[in-house]
Amino acid sequence: MRATPLVQKPAAFPRPRDGAGAARASAPAVARPVSIARSLNQAGFTGWADGFAFTSFGVRIGIRVDQPGFSGLLQSVLPPGHRPTSPSVLERLYSLVLGGFTLEDGGEDPYLLYDGAERLARDHELPRILKVLEAHIRRTVAEMAPRRVFVHAGVIEHGGRAIVIPGPSMSGKSTLVSELIKLGASYYSDEYAVLDEKGMVSPFAKPLSLRAPGTYASTDYTVEQFGATAGVKPVPVGLVAITHYAAGAKWRPRRLSAGNGALALLAHSIAARRHPERVLSTLNRALADAEIVKGPRGEASEVAHQMLEVLHRTSGITSERARLPFETLYRRGK
Amino acid sequence: MADIKRPKNPTARSENLLIEDVAGELLIYDVSNNRAHCLNESAAAIWKHCDGSQSIDKLANHLFPKLEASDARQLVGVGVERLRRRRLVESAPAAAATVDLSKRQLLKKVAILAAAAGVVAPLVSTVVAPTAAYAFSCMPSGFPCSSPFQCCSGLCRDLQCA
């Protein structure tokens, strides 16, 4: 057992506690995306045992840690589509101060996570700290991506077009997405619809987080566990389904206009206040050929079939068809 | 109390607004209060013609020539009032006869008028643009947490979202 002093919150960036520095980083246990020898001398990594930088959707992020050999573990928290990058200019720098040691007073040294100089989390369980880091990195990417609009939504693709299911946390997006991919749809995301300047939706295929009924903890699943695959290329939006779970409800949605659909997506857009002009124009393009429907739903397993059916019936929708009553167009079996 | 001067004729606001035409409807983002509005075709037409030079009567004649003058005036009046309440139009408040009706009665009357004339009643939908924190995934009260940012409330106390 090794006793270490309790870590105090630093005035600026957190510093390593016990001399862990560049020398210890010279023999990393796991290969990293960026040369540590170079990165340690840039972007505030100096004096830290380990660190690397990556980019995701144009956002450059660095992570540094005060003990060597943790890069492999940290790779598991990186967002979809990440690539190594030079750490010379970073939009965000996370610092992980690893605890787990027994203190002189018998207590446990906690793990600390910082975003710049702000402490994000303090916990005695490393997996929980890593969960916080993973979620915060995704949030940073969603907020700061320079040429994308992130909408809080579940997304699947089928037949070359996407179903986008916007909604707040706990509205059942992941459950519905998991049912849709069981039916053969490609998985794009259970958290964000990533829209580019043309209005196409790109994959953001993080592991699916599903919560068992009545429990707090969510469990991550790979898309392969559902016998499905993740999408790889941007596709146009075919259907926007604004819905939430309501026990016993039947999914009988009503059609919304493109303007009201854009408004509904804007209400879940991460950068709506930061870049309203970009959000408006991107949503307009994204919904150009999309059907938008709204209504509560019952069990996801029952609704998933109907949603795919609606997606296919609206493929290549013409303005003539768009004027038909919704029931005429989508009644099952017709 | 200071008397607020409002233009006699309805005048559409132009500052601090971002406007996007979406298939005939107008999406308007008000930067000053972070509200986004969707104006349907009728509301959009009314808003576009509110240049301060036309009274409600003139607007009614211009926009809904096939309607009875009084019906058209009521339709435009309701549209202007809805826009005014959302600060998209500057004008004197609507006449008492218009605002005395309850919202439900007013909606019904306007909808009947519009449907009878084959026009769409002016509708304005509004949402408040979310802050980034609100739009992210978050956990409700009672869920375990390690950091305030995980909680919808922004508060993590004793490893539980407040």
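The values are calculated or read from the model by the stated rules, or taken from the named source; none is laboratory data. What you are looking at is a predicted structure, and each value in this text was computed from that prediction instead of being measured. Glycine gets a Cβ as well: all are built from the backbone with ideal geometry, and neighbour counts include every protein chain shown.
Looking only at residues that are in contact with a Cys (Cβ under 6 Å, 6 or more places away or on another chain) and within 10 Å of chain A (Cβ to nearest Cβ) in segment B:115-146, which one is farthest from A:V141 (Cα to Cα)? It would help to see each step written out before you state the result.
Step one: filter segment B:115-146 for residues in contact with a Cys (Cβ under 6 Å, 6 or more places away or on another chain), giving B:125, B:138-141, B:143, B:145.
Still in the list and also within 10 Å of chain A (Cβ to nearest Cβ): B:125, B:138-140, B:143, B:145.
On the way: B:S125: 30, B:C138: 16, B:M139: 19, B:P140: 23, B:F143: 24, B:C145: 21 Å.
The qualifying residue farthest from A:V141 (Cα to Cα) is B:S125.
The conditions are (1) touching a Ser or Thr at 6+ places or on another chain (Cβ under 8 Å); (2) within 11 Å of chain B (Cβ to nearest Cβ); (3) crowded, with 20+ Cβ neighbours inside 10 Å, and A:S169 fails exactly one of them. Which is it?
Of everything listed in (1) touching a Ser or Thr at 6+ places or on another chain (Cβ under 8 Å); (2) within 11 Å of chain B (Cβ to nearest Cβ); (3) crowded, with 20+ Cβ neighbours inside 10 Å, A:S169 misses just condition (3).
Condition check: crowded, with 16+ Cβ neighbours inside 10 Å, modelled with pLDDT under 95 and either of a type in the set (A, V, I, L, M) or in contact with a helix residue (DSSP H, G or I) (Cβ under 6 Å, 6 or more places away or on another chain) (or both). Does A:I270 satisfy that?
Details: crowded, with 16+ Cβ neighbours inside 10 Å: yes; modelled with pLDDT under 95: yes; either of a type in the set (A, V, I, L, M) or in contact with a helix residue (DSSP H, G or I) (Cβ under 6 Å, 6 or more places away or on another chain) (or both): yes.
Yes, satisfied.
Could you tell me how many of the residues in segment A:190-215 are surrounded by 24 or more Cβ atoms within 10 Å (Cβ to Cβ), without any contact (Cβ under 8 Å) to a residue 60 or more places away in the chain and in a loop (DSSP other than H, G, I, E, B)?
So the count comes out to 2.
Within segment A:216-235, can one find any residue that is farther than 23 Å from A:R138 by Cβ, touching a residue at least 40 places away in the same chain (Cβ under 8 Å) and buried (at least 23 other Cβ atoms within 10 Å of the Cβ)?
Scanning segment A:216-235, I find no residue that is farther than 23 Å from A:R138 by Cβ, touching a residue at least 40 places away in the same chain (Cβ under 8 Å) and buried (at least 23 other Cβ atoms within 10 Å of the Cβ), so the answer is no.
Select from segment A:275-328 the residues that are at pLDDT below 90 and on the phi > 0 side of the Ramachandran plot and list them in ascending order.
Correct list: A:G316 only.
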